[in-house]
Amino acid sequence: MPPKFGTSGLRGLVTELTPALVADHVRAFAAACPMGTGLWVGRDLRPSSPDLAGVVLETARSLGLAAVDCGAVPTPALALAAMEAGAASVMVTGSHIPADRNGLKFYTPRGEITKADEAAILAGLGQGAPVVAPGPTVAQDDSAGPAWVARYVRAFGAEALAGLRLGVWSHSAVSRDLIAAALGAMGAEVIELARSDVFIPVDTEAVPPETRRQLADWAMAHRLDAILSTDGDGDRPLLADAMGRVVPGDVLGQITAAVLGAEIIVTPVSSNTGVEAAGRFAQVIRTRIGSPFVIAGMEAAPGRTVGYEANGGFLLGYEALGPEGALAPLWTRDSLLPLIAPLSRARAAGGLAALVAAEPPRFTAADRLEHIPTERSRDLLAGFEADPAAIPAFLAVFDEELAGTDRTDGLRLTLASGRVLHMRPSGNAPEFRLYVEAEDPALAEAFLDKGLAHLRRALG
């Protein structure tokens, strides 16, 4: 599958992300979007990321831009630093996908590119390089990561996590040392787990059984109150309780929103319905899946508005108050806030598991079938739409009846039992994703396993 530019930026096989292709996308980005004071560039820890970042930086300089190299840094930290400097930014990362792939994420001085920006960038590809005087020598700036940590230490305070024994699953996440630093600065005892020099793809929305077993083993062996981690570029959180049980990202989102006193929630249709059942928010707005759609929904709902996704990435749309200080808006997926906010309330609730148990009993589980051509996925969904008997036949294996459908993004089936099956092709990889929702986490996992097996047969 050739490199593809879309909602999450540019993604593709490393062998196909040639210097010419990368430079073309950077030039189109610079021509289509405001650059402000220059272009800041960060990268994750994939082996291919330093060279790709070098191409981005030199292309920016060739366009006359002030190019700033931030080195290895989490995506939200880069975006935060660049926005505060009034600059655009590019993050070199493939997020949660394997190391043989990589990509670029694009940010204007205001935040993530919009769908309109995406269209303008696509229209500008292949236009060639303008003749301009090169910009100054590439500058180095290592402040983005520490500033990201300091943002939350100021807001939550030096005692926010005192008394907690927390494990940080480091793997190859670019955020690993910064997360440990933030937890320690807030009073927690930090235990590092499984640091890796080899890149490990971690999808916080589809944690495999062997990883869940490892989390449980670590939690018991080290007597941990919780285990924290992120995906490779640090914009999606992973949090497990004292038994090693993973807290779904959308549950982290609704808890974090409550901690911050948010009034309006913007979240995709894939997030669980507990946020409506809780009854503590003035409005819940549902969107298509992807942070650009969440951001568009937030822009249309001014006020104490936040956004989050089922992967746990949290977007803050207003100046909120933490226990010790203010939190400025950050209109991009962040992992640190939805890790710290629930943990800051965990002790008073009797532990993280008790805090989660107080939420409405709606639980999601998600996973993906890999190496599924997008065309095959779309054909399957088109068949469900064309044949009225296709959906009831598909549901027969679950012994469930259909109560309603939602085609906002893919096909979301609400069943007579209140459970949910939601199918959609990935927007940036040859994958088919399945999201399920049920009233019990074990039942959600069982539905997920059965659904994936059923879909594997249907997709051939």
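The values are calculated or read from the model by the stated rules, or taken from the named source; none is laboratory data. Owing to the predicted nature of the structure, the values given are computational and were not obtained by experimental measurement. Heads up, the Cβs are rebuilt from the backbone with ideal geometry, glycines too, and the neighbour counts pull from every protein chain shown.
Scanning segment 159-173 for residues that are touching a residue at least 40 places away in the same chain (Cβ under 8 Å) and surrounded by fewer than 23 Cβ atoms within 10 Å (Cβ to Cβ) yields GLY163, LEU164, ARG165, SER170, HIS171, SER172. Given the conditions (1) in contact (Cβ under 8 Å) with a residue 40 or more places away in the chain; (2) touching a Pro at 6+ places or on another chain (Cβ under 9 Å); (3) farther than 20 Å from GLY6 by Cβ, which single one is not true for THR114? Unmet for THR114, out of (1) in contact (Cβ under 8 Å) with a residue 40 or more places away in the chain; (2) touching a Pro at 6+ places or on another chain (Cβ under 9 Å); (3) farther than 20 Å from GLY6 by Cβ: (3). Tell me whether segment 146-163 contains one or more residues that are in a strand (DSSP E or B) and at negative phi. No, segment 146-163 has no match at all.
Listed conditions (1) at pLDDT 95 or above; (2) among the acidic types (Asp, Glu); (3) surrounded by fewer than 18 Cβ atoms within 10 Å (Cβ to Cβ) are all met by ASP334, apart from (3).
Scanning segment 92-134 for residues that are of a type in the set (Val, Ile, Thr), in contact with a strand residue (DSSP E or B) (Cβ under 7 Å, 6 or more places away or on another chain) and over 26 Å from GLU431 (Cβ atoms) yields one hit, THR108. Among residues of segment 429-443 being surrounded by 21 or more Cβ atoms within 10 Å (Cβ to Cβ), within 21 Å of the chain's Cα centre (by Cα) and not acidic (Asp, Glu), the one that is modelled with the lowest pLDDT is ALA429. Please identify the pairs in which a residue from segment 51-70 that is under 20 Å from ALA144 (Cα atoms) has its Cβ atom under 6 Å from the Cβ atom of a residue that is outside any helix (DSSP H, G or I) and of a type in the set (Asp, Glu), counting only partners at least 6 apart or on another chain. Taking only residues 6 or more apart or on different chains, the pairs are LEU57/ASP69; VAL68/ASP141; CYS70/ASP141. Which one is surrounded by the fewest Cβ atoms within 10 Å (Cβ to Cβ) among residues in segment 353-379 that are in contact with a strand residue (DSSP E or B) (Cβ under 8 Å, 6 or more places away or on another chain) and of a type in the set (A, V, I, L, M)? Selected residue: LEU369. Of all residues in segment 207-260, those satisfying the criterion of being under 19 Å from SER271 (Cα atoms) and hydroxyl-bearing (Ser, Thr, Tyr) are THR230, THR256.
Kindly evaluate VAL26 against the criterion of being crowded, with 20+ Cβ neighbours inside 10 Å, within 17 Å of ASP117 (Cα to Cα), in contact with a strand residue (DSSP E or B) (Cβ under 8 Å, 6 or more places away or on another chain) and of a type in the set (Val, Ile, Thr). For VAL26, the condition - crowded, with 20+ Cβ neighbours inside 10 Å, within 17 Å of ASP117 (Cα to Cα), in contact with a strand residue (DSSP E or B) (Cβ under 8 Å, 6 or more places away or on another chain) and of a type in the set (Val, Ile, Thr) - is met.
Just one of the listed residues (ALA99, ALA82, ALA133, ALA129) is buried (at least 23 other Cβ atoms within 10 Å of the Cβ) and farther than 15 Å from PHE5 by Cβ, namely ALA82. Quick check on segment 396-416: of everything there that is touching a residue at least 24 places away in the same chain (Cβ under 8 Å) and under 16 Å from ALA438 (Cα atoms), which residue is nearest to the chain's Cα centre (by Cα)? Across segment 396-416, the extreme among qualifying residues is ARG412.
Within segment 98-110, track down each residue that is farther than 15 Å from PRO74 by Cβ and out of contact with any Lys or Arg (no Cβ under 7 Å at 6 or more places or on another chain). Those that are farther than 15 Å from PRO74 by Cβ and out of contact with any Lys or Arg (no Cβ under 7 Å at 6 or more places or on another chain): PRO98, ASP100, LEU104, PHE106, THR108, PRO109, ARG110. Figure legend. Inter-residue proximity from segment 431-458: first residues under 11 Å from ARG419 (Cβ atoms), second residues in a helix (DSSP H, G or I) and among the aliphatic types (A, V, I, L, M), beta-carbon distance below 8 Å, spacing 6+ or different chains. Indicated pairs: VAL436/ALA444; VAL436/LEU448; GLU437/ALA444; ALA438/ALA444.
There is no residue in segment 300-319 that is buried (at least 22 other Cβ atoms within 10 Å of the Cβ) and among the basic types (Lys, Arg). Give segment 221-261 a look and list any residue that's among the acidic types (Asp, Glu), out of contact with any His (no Cβ under 6 Å at 6 or more places or on another chain) and closer than 16 Å to ASP334 by Cβ, or say none. Of everything in segment 221-261, those that are among the acidic types (Asp, Glu), out of contact with any His (no Cβ under 6 Å at 6 or more places or on another chain) and closer than 16 Å to ASP334 by Cβ turn out to be ASP233, ASP235, ASP250. Suppose the filter is under 30 Å from THR211 (Cα atoms), assigned to a strand (DSSP E or B) and either among the aromatic types (Phe, Trp, Tyr) or under 24 Å from the mean Cα position of the chain (by Cα) (or both); does LEU421 pass it? Here the answer is yes, as LEU421 does meet what is asked.
To keep it simple, each residue is scored yes or no on (1) under 24 Å from the mean Cα position of the chain (by Cα); (2) among the hydroxyl-bearing types (Ser, Thr, Tyr); (3) under 23 Å from ALA320 (Cα atoms).
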position: GLN140; (1), (2), (3): no, no, no
position: ALA144; (1), (2), (3): yes, no, yes
position: VAL149; (1), (2), (3): yes, no, yes
position: PHE156; (1), (2), (3): yes, no, yes
position: GLY167; (1), (2), (3): yes, no, no
position: ALA182; (1), (2), (3): yes, no, yes
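Of the residues screened, GLY103 is not one that is without any contact (Cβ under 8 Å) to a residue 12 or more places away in the chain and not hydrophobic (A, V, I, L, M, F, W, C).
Just one residue in the set PRO34, PRO47 is modelled with pLDDT of 95 or more, surrounded by fewer than 19 Cβ atoms within 10 Å (Cβ to Cβ) and under 19 Å from PRO292 (Cβ atoms); that residue is PRO34.
ALA123 passes every criterion in (1) in contact (Cβ under 8 Å) with a residue 60 or more places away in the chain; (2) within 20 Å of LYS4 (Cβ to Cβ); (3) in contact with a helix residue (DSSP H, G or I) (Cβ under 6 Å, 6 or more places away or on another chain) apart from (3). All of GLU299, GLU309, GLU324, GLU319 fail the test of being over 24 Å from VAL92 (Cα atoms), in contact (Cβ under 8 Å) with a residue 12 or more places away in the chain and of a type in the set (Asp, Glu), apart from GLU324.
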